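The values are calculated or read from the model by the stated rules, or taken from the named source; none is laboratory data. Computed from a prediction, not measured in an experiment: that's the story for all the values here. Here the Cβ positions follow ideal geometry from the backbone for every residue, glycine too, while neighbour counts run over all protein chains shown. SASA here: full protein model, heavy atoms, side chains in, ligands and nucleic acids out. Shrake-Rupley method; radii C 1.70, N 1.55, O 1.52, S 1.80 Å.
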Amino acid sequence: MFGLQHLLALTGIWIFPVLIGSTLELGAQDVSRIVQACFLLTGIVTILQSSRIVRLPIVQGPTAAFFVAILAGAASYDLGTAFGSMVVAGLFFMALSIPFGRLGLFGHIRRFAADPIVFGTLFIIIGAQLASIGLPGWFGTPGTDTYGWSSFWIGLVVVVAILACMIFGGNTLFKRAAIVIGIAIGSVLALVTGLWFPPDLSQAAVIGASTLFPFGFSVAWPVVILMLLAYFQAGAEAIGMYTLVAGWGGEKLTVNRINRGLFTEFLGSTVGAAFGGIGTTSYPENVGIIRITRIGSRFGTMAAGIFALALAFLPQISLFIAGLSGTVLAAASTILFGIIAISGVQMLQKVQWDDLNVAVAATSFIVSLGAQWIPDDIIAGLPPQIAGLIDTPMMLGIILLLTLHILIDICARPLLERRGAKAAATVQAHEPAGSGES
């Protein structure tokens, strides 16, 4: 039962693949492949982390960083490029986290690139872009019988249910699984009112395995950069969760042990991407469950991994999840996308807002979002790769943020600070004796 509770708290495994499908207008079969691969990836990595590798009660699951990276990459190119680029970026991070003494290469690189101003501003840009696919979807699909206000009211019920769980759920599973509960309530309501019907499960086999590269394989460097940042974010979250859980149990967490866990996580995400799965990280929700229940046994989290692995070989379950109501998912995604944007605001609280940091964030924010309204004839005259990059705020935003952060904060800031210190020293040297305050 504790393992089942951990599995239900993995919001991303239930909703991220379906949101990718609804955003990219994928068929149910394609979405079910992503769902199935996510179960496979989550199961294998969770079992390894709990049993033989980091040996902590850690549950791995799809993370928002990879979710938005896949959305951006697939929108600019295709799913084959998004997952292929994730494989390439994963190989790079596997090399950085090979357990070798106390080098801790990942930690050094993370401090350089995972600055709050980069991720914080990027998450706000992502939330702003995704807003266009949230609320409009409450009305259903234009041209269908379910389009209109009848679907809107179901979306409204979903949002109210999610907010009720978040506000009144306390530190219970109701709060941690608020989005899943909202989707369940909305699906039942849509079924009763005749606005949604479950998919035909006979289209999928009862038992079956994921296929290798179901969407093809290709690589694009802008998407690789975006995936590298997703791995940064996932690795940073994992280190935080390892440290927190190990501290509760009085476990000694060495650099080598951390690198073993990170290497396994990056290896799992790389292999999972080859099957169409969303990259994972250590879930804070599951750490919260451990805190509340006081059950820190790694055999409980291992059970969650076993359940996920079993579901990976039941394609009909994946197809059912893939066929959920579009109205219900749009309503749930509205809350989720808002949470992503506000998470960016929370990250930016750590930034010291001087003129240099304002220049980095303000320029990246307004240019990346404003590029959506560049005249069509101008965009049409650009190479397809450049046009896709400029027309996607997530992609353009991360390129601008990284470039300006390196040029302004990493390169220019030290020079300006040295010049300012030198000027202050010169002024002090020329002050007449006794001119100070008495």
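For region 44-55, the set of residues classified as assigned to a helix (DSSP H, G or I), surrounded by fewer than 24 Cβ atoms within 10 Å (Cβ to Cβ) and not hydrophobic (A, V, I, L, M, F, W, C) consists of Ser51 only.
Tell me whether region 10-17 contains one or more residues that are over 18 Å from the mean Cα position of the chain (by Cα) and either modelled with pLDDT of 90 or more or at negative phi (or both). Within region 10-17, not a single residue is over 18 Å from the mean Cα position of the chain (by Cα) and either modelled with pLDDT of 90 or more or at negative phi (or both).
Residues that are open to solvent by less than 60 Å² (accessible area, probe 1.4 Å) and part of a loop (DSSP other than H, G, I, E, B) within region 202-229 comprise Ala204, Ala205, Gly208, Ser210, Pro214, Phe215, Gly216, Ser218, Ala220, listed in sequence order.
Restricted to region 108-145, and to residues there that are open to solvent by 20 Å² or more (accessible area, probe 1.4 Å) and at pLDDT below 65, the residue that is nearest to Leu71 (Cα to Cα) is Ala114. A single member of Phe92, Phe83 is aromatic (Phe, Trp, Tyr), assigned to a helix (DSSP H, G or I), in contact (Cβ under 8 Å) with a residue 24 or more places away in the chain and surrounded by 23 or more Cβ atoms within 10 Å (Cβ to Cβ), and it is Phe83. Of all the residues in region 146-175, those that are surrounded by 14 or more Cβ atoms within 10 Å (Cβ to Cβ), part of a loop (DSSP other than H, G, I, E, B) and free of Cβ contacts under 8 Å to residues at least 60 places away in the same chain number 2. Within region 279-300, one or more residues are closer than 22 Å to Met394 by Cβ and of a type in the set (Val, Ile, Thr). For region 328-359, the candidate set comprises residues that are in a helix (DSSP H, G or I) and free of Cβ contacts under 8 Å to residues at least 40 places away in the same chain; within that set, the residue that is nearest to Ala178 (Cα to Cα) is Ile339. Take the conditions over 30 Å from Val188 (Cα atoms), in a helix (DSSP H, G or I) and without any contact (Cβ under 8 Å) to a residue 24 or more places away in the chain and apply them to Ile378. Does it pass? Criteria met by Ile378. Scan region 260-281 for residues that are surrounded by fewer than 24 Cβ atoms within 10 Å (Cβ to Cβ) and outside any loop (DSSP other than H, G, I, E, B) and jot them down. Of everything in region 260-281, those that are surrounded by fewer than 24 Cβ atoms within 10 Å (Cβ to Cβ) and outside any loop (DSSP other than H, G, I, E, B) turn out to be Arg260, Phe263, Thr264, Leu267, Thr270, Val271, Ala274. Of all residues in region 288-313, those that are under 12 Å from Ile44 (Cα atoms) have Cβ atoms under 6 Å from Cβ atoms of residues that are exposed (fewer than 15 other Cβ atoms within 10 Å of the Cβ) and modelled with pLDDT of 80 or more, 6 or more apart or on another chain, in Met302/Ser51. Considering every residue within region 230-239, establish whether at least one is open to solvent by 40 Å² or more (accessible area, probe 1.4 Å) and either more than 25 Å from Ile399 (Cα to Cα) or at pLDDT 85 or above (or both). No, because not a single residue in region 230-239 is open to solvent by 40 Å² or more (accessible area, probe 1.4 Å) and either more than 25 Å from Ile399 (Cα to Cα) or at pLDDT 85 or above (or both). State the number of residues belonging to region 176-201 that are in a helix (DSSP H, G or I) and either modelled with pLDDT of 85 or more or aliphatic (A, V, I, L, M) (or both). Adding up the residues that qualify gives 16.
Can you find even one residue in region 282-295 that is open to solvent by 20 Å² or more (accessible area, probe 1.4 Å), part of a helix (DSSP H, G or I) and among the aliphatic types (A, V, I, L, M)? For region 282-295, residues open to solvent by 20 Å² or more (accessible area, probe 1.4 Å), part of a helix (DSSP H, G or I) and among the aliphatic types (A, V, I, L, M): present. Just to be sure, is Ser318 open to solvent by less than 30 Å² (accessible area, probe 1.4 Å), assigned to a helix (DSSP H, G or I) and touching a Cys at 6+ places or on another chain (Cβ under 9 Å)? Criteria met by Ser318. Only a single criterion out of (1) part of a helix (DSSP H, G or I); (2) under 20 Å from Val157 (Cβ atoms) is not satisfied by Gly300, namely (2).
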